[in-house]
Amino acid sequence: MKKILKKLKIFIFLVFLAFLSFILFKNFREVLYLKKKLDISKEKLAELKKEKERLEEEIEYLSHPHNLEKEVRRRFNLKKPGEKVAVVLPKEEKKEVKKQMSWLERGKNKGKEFLKKGFFKFREKLRKIFLTIFQKENQL
């Protein structure tokens, strides 16, 4: 009987120890999760503080009328009446613009040739159609 009682006490102690370990593990896991979440929140807070500081500097910069005018001109490509604006493109953009322009010029020239030839052909076909229609009406 004493052996059974002793084994029962050991079993109860082990069950209690397992239950306690489970609770501690669950709490430890939750602490780790919250710690990671806190680190992420701190990083986000630091980013937002930098953004706030940058925006405050921009507000300070734009609070001067001269700087505001300069930014409006830059962002919206505006100019004063009578003022000339020069646009300087980087080399890569220049090449792209030249390619597009040459393509457009070729397209214009081909379009003109097509219109000249095509229009005259179309006009001749239309004239023939109308002549045949009028001839048939006159025969009736």
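On inspection, ILE133 does not qualify as assigned to a helix (DSSP H, G or I), of a type in the set (Val, Ile, Thr) and at pLDDT 85 or above. Taking the criterion of being exposed (fewer than 10 other Cβ atoms within 10 Å of the Cβ) and assigned to a helix (DSSP H, G or I), the residues of the range 51-84 that qualify are ILE59, PRO65, HIS66, ARG74, ARG75, PHE76.
The values are calculated or read from the model by the stated rules, or taken from the named source; none is laboratory data. This structure is a prediction, so every number in the text was calculated from the model and none was measured. All Cβ positions, glycine included, derive from the backbone under ideal geometry; neighbour counts span all protein chains shown.
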